[in-house]
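The values are calculated or read from the model by the stated rules, or taken from the named source; none is laboratory data. Given the structure is predicted, the values throughout are model-derived calculations rather than measurements. Counting neighbours? That spans all protein chains shown, and the Cβs are built from the backbone with ideal geometry, glycine included. SASA here: full protein model, heavy atoms, side chains in, ligands and nucleic acids out. Shrake-Rupley method; radii C 1.70, N 1.55, O 1.52, S 1.80 Å.
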There are 2 protein chains.
Amino acid sequence: MEKNNYYSQENHGPYQLFNLGDFKLEDGGIISNCQLAYSTFGKLNAKKDNAILITTWYSGTSKIMEKVYLGEGRAIDPAKYFIVIVNQIGNGISTSPHNVSDPLRGPKFPRVRIGDDVRAQHKLLTEYFGIESLELVTGGSMGAQQTWEWAVRYPDMVKRAAPIAGRARNSTHDFLFIETFMYALTSDPAFNNGYYTEPNAVNRGLCHHADIWSVMGYSIEFFNQELYKNIGFSSPEEFRTGFTQNYFLPMDPNNLLCMAWKWQQGDVSRLTNGNLSTALGRIQAKVFVIAIDGDMLFPPSDCEADQKLTPGSELKVIHSHAGHLGLFGLHPSYFEQIDKYFGELLAIPSYDKSTNQAAFQSRVEESSMVST
Amino acid sequence: MEKNNYYSQENHGPYQLFNLGDFKLEDGGIISNCQLAYSTFGKLNAKKDNAILITTWYSGTSKIMEKVYLGEGRAIDPAKYFIVIVNQIGNGISTSPHNVSDPLRGPKFPRVRIGDDVRAQHKLLTEYFGIESLELVTGGSMGAQQTWEWAVRYPDMVKRAAPIAGRARNSTHDFLFIETFMYALTSDPAFNNGYYTEPNAVNRGLCHHADIWSVMGYSIEFFNQELYKNIGFSSPEEFRTGFTQNYFLPMDPNNLLCMAWKWQQGDVSRLTNGNLSTALGRIQAKVFVIAIDGDMLFPPSDCEADQKLTPGSELKVIHSHAGHLGLFGLHPSYFEQIDKYFGELLAIPSYDKSTNQAAFQSRVEESSMVST
C-alpha cells in the first residue's frame, strides 16, 4: 500500500500527535503506539477551566472542524477558550488502517468504537493537558456520537454539550444507510477484500459511495432550489462530481470502513446495559441538542427523541436546505445560526461542583438549626 | 438468457396481450410486434363512458395494482366501472428486454419513454376498446408520471386524474437516487454489460439495489416505530431481506434498467418545449394530486409544486410512515385513505364537452335575445 498524501500535515495540519501507548479496545485487541492527532487553538488558562473539545465527523479532520467552528469574534473564539480538536481513530490523521504498521494494517485493523475514541480523548485531555473540566464538548454527526458519549461517560467533567445532527444511539434507518455506502466500497472488485494496491484503486467504489451520500446527504429542496449554485457549481452534475465525489475520492476505503462500522454501532446505552433513558439520565451537562431541519439522516424529530430523555436539555433547530452535509456550512447563514446557539449555551452558568457543594452545605446547616 | 418464471401468467395473470404492431418510439427505433399486457375488471357499458385506467409503477405489474386499488365495495369497484390496468413497457409482462426477440433482446432494447407508454395505452383504449373518455386515470410513482402524461397529452379524453406520489417532471434529487440503484445493478461484475447468463446471476447487484430502496423507499419513522412488525417481520434485518430484497430478487436487471431510465427522463413539458406551466395548463381533467406525507422521494411539498401549476386541482395528503413504498398499502389505513380520495374525486361532476356546448349555446341565445 502506497502512502496517501491526502492525509498530510500540509492538507490537514498543523496537528500534533499524542501517543496512547498500547491502547486496549472495547471489542478486544490492542493498538500499539496508538496515535491521537489533535490541533489546539488559544491558550489554556492557569485554572485550566477554559477548555473546549471538538470532535470529528465521518471523514472529517481537525482542519475541517477548525474552518467550520472556530474563529476570532465567533462564539468559539481562541482569544477566550483553549480549543482542542481531536481526530477520531481511523480518520486517516490519527492512527488508522492506512497508516498503522503491520500486523494491523489495512483490512486487519481492529474494530474501534465511539467509546474507544472518547476514552482516548479523555487520556489526552487529563493526562497530557491536566484538564479536569470542559466548558463545552461539541461535534456533528459522528462528532455528535462522541459528544453524547462524553456527556454520559464523564458526566462530572462536561459542563456543556452540543451534539449536532447526530444520535445518542444510532437509528435502524441510519444503520441501513451506512450498509449501502459500505457495500459501495467493498463490492468494487478493486477493493479486493481491503488489499487494494494503491489509494485510488477503488475509484469506482468511492464514486458510488459519494453518490449515495449525494442522495441522502443533502435534501430534495437543495436540488430543487439549485442551492449548489451558491457555492460555485453550475449544475447538479458538476456539484455531484466536483464537490461530493471530489471530497471522498482521495480517501482511503479501509479508513472509511473503520469509521462506518464505528458509526453503525454508536450507542451510549452500552454503558447502562442497553437502557438509553438511564444513560442519558446520567448527564449533568447543560445540553443543546442541535438538529438541522432539512436533514434526511437525523431529522429534528429524531434528535428530539434523545433530547427528551436528557435532563435540562433543549432542542435547537438550524434552518438549512443543505441537509445533513449542511454541517460543512453550505447554507449561507449556517455559521451565524450555529454561533448563536454556541453563544447562548456558553452563556448559561454551568453545573458547578463547588457551588452545589456550598448550596448543599447551607441546606444541611439550615435543617440542623431547625432540629436543634 | 433463460426464461424468467417470475413474469408468468401464474404469478401476474390473468392478463391479455394487445399487439401494437411495429411500434415507433419517441427516441427512435421500432419495437416490432410490441405487446401491451393488460388486465380488465368489470364491464364496459354501452356508452363506453365508465372506464378507468390504472398504470403501473417501477417494477409493478397489473396483478399488484389490482390488489392495491380494486375491490368490491371499494371506490374503484368493478361492479360500477370498467377498469383497465396496463403494464408499462419493460416491466417484464408487456414487451421487455428479457422477453423480446433479437435483435432487441437484453441490453439492446431501445430507450422507451413515458410518452411511448401513454401513446401505446391510448391505442389499446381507443382502437381496441373504442373508449373515447376516461372517468379516471390513476397510478403511483412511475404510474403518476403516466397519469400526468395522459392528462397533458390527451386533455379531451381524461375527465379525472389522480397522480399518486409522483412528479410531472422528475426532480434532480430523484434522478440522482435512480442513478445509485442503476449503478447497483450495472456495477455487479455478473451483470456483464447486460449479457448475464441467467436471471438471478446478478444476485448481489439486485440485493444492493433493494437495499438502496430500503433506505429511500420507506421512512425513518417506519423503522423507529418498528412498523415492519405490522406486516409480519420481526426485525429490520428480516424485513430488509424478506420483504424488500425478496421482492426485487427475481426480477430481470435489464427490465429494471429500462424502467429506471424511463423514470429518470419523465417530463410532461417535453410536449410544450420544456415549459412545465404550459404543459400542466393544458389539463382539463379534475385532478387530485395525492402525496404521502412520509415519502422521502416525493414529499408533499414536491407534489404541491406540480399541483399549483394545474388548474382546478387539489392536493390530498395520505398519512403513512411507510413512506414511498406505502404505495403497496403497508400502512394499516392506506386503503381507507386512498379510497376516500378516489371516492371524492369520482363524485365530482366532470368537464363534459356536450354540457359545456349546451351552456355555451344558451348563453349565445340569451345574448341574441338581448340584442334583437
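Odds and ends about this structure:
- Contact annotation: residue pairs with Cβ atoms under 6 Å, 6 or more positions apart or on different chains, pairing a residue in segment A:1-15 that is over 12 Å from A:Pro250 (Cα atoms) with a partner that is modelled with pLDDT of 95 or more and open to solvent by less than 90 Å² (accessible area, probe 1.4 Å), are A:His12/A:Thr61; A:His12/A:Lys63; A:His12/A:Ile93; A:Tyr15/A:Ala37; A:Tyr15/A:Ser39; A:Tyr15/A:Ser62.
- Check on A:Thr180, free of Cβ contacts under 8 Å to residues at least 24 places away in the same chain, within 10 Å of chain B (Cβ to nearest Cβ), closer than 30 Å to A:Leu271 by Cα and not acidic (Asp, Glu): no
- Considering only residues in segment B:158-177 that are outside any loop (DSSP other than H, G, I, E, B) and within 7 Å of chain A (Cβ to nearest Cβ), the one that is surrounded by the most Cβ atoms within 10 Å (Cβ to Cβ) turns out to be B:Phe177.
- Residue that is within 14 Å of chain A (Cβ to nearest Cβ), touching a Phe, Trp or Tyr at 6+ places or on another chain (Cβ under 9 Å), modelled with pLDDT of 95 or more and open to solvent by 30 Å² or more (accessible area, probe 1.4 Å), where the choices are B:Phe222, B:Phe239, B:Phe243: B:Phe243
- Selection count where residues are buried (at least 24 other Cβ atoms within 10 Å of the Cβ) and either under 12 Å from A:Gly90 (Cβ atoms) or within 13 Å of the chain's Cα centre (by Cα) (or both), scope segment A:39-61: 7
- Taken over segment B:185-196, the criterion of being free of Cβ contacts under 8 Å to residues at least 12 places away in the same chain and within 8 Å of chain A (Cβ to nearest Cβ) is satisfied by B:Pro189 alone.
- Of the residues making up segment B:139-152, not a single one is within 10 Å of another protein chain (Cβ to nearest Cβ) and either under 30 Å from B:Arg282 (Cα atoms) or out of contact with any strand residue (DSSP E or B) (no Cβ under 8 Å at 6 or more places or on another chain) (or both).
- Among the residues making up segment B:180-202, a single one is outside any loop (DSSP other than H, G, I, E, B), of a type in the set (S, T, N, Q) and at pLDDT below 95: B:Asn200.
- Matching entry among B:Leu134, B:Leu227 (being touching a residue at least 60 places away in the same chain (Cβ under 8 Å) and away from chain A (no Cβ under 12 Å)): B:Leu134
- The lone criterion from (1) touching a helix residue (DSSP H, G or I) at 6+ places or on another chain (Cβ under 8 Å); (2) under 22 Å from A:Ala151 (Cα atoms); (3) of a type in the set (Phe, Trp, Tyr) left unmet by A:Phe82 is number (1).
- A:Gly71 without any contact (Cβ under 8 Å) to a residue 24 or more places away in the chain and either surrounded by 15 or more Cβ atoms within 10 Å (Cβ to Cβ) or at positive phi (or both): yes
- When B:Leu309 is tested against the conditions (1) out of contact with any Ser or Thr (no Cβ under 8 Å at 6 or more places or on another chain); (2) at pLDDT 95 or above; (3) open to solvent by 30 Å² or more (accessible area, probe 1.4 Å), the lone failure is (1).
- Restricting segment A:197-219 to residues that are in contact (Cβ under 8 Å) with a residue 24 or more places away in the chain, farther than 23 Å from A:Leu176 by Cα and in contact with a helix residue (DSSP H, G or I) (Cβ under 9 Å, 6 or more places away or on another chain), the residue that is most open to solvent (accessible area, probe 1.4 Å) is A:Thr197.
- Against the numbered list (1) away from chain B (no Cβ under 14 Å); (2) farther than 29 Å from B:Gln225 by Cα; (3) open to solvent by 60 Å² or more (accessible area, probe 1.4 Å); (4) in a loop (DSSP other than H, G, I, E, B), A:Pro250 comes up short only at (3).
- Condition check for B:Gln265: more than 14 Å from every other protein chain (Cβ to nearest Cβ) and either within 27 Å of A:Thr244 (Cα to Cα) or among the basic types (Lys, Arg) (or both): yes
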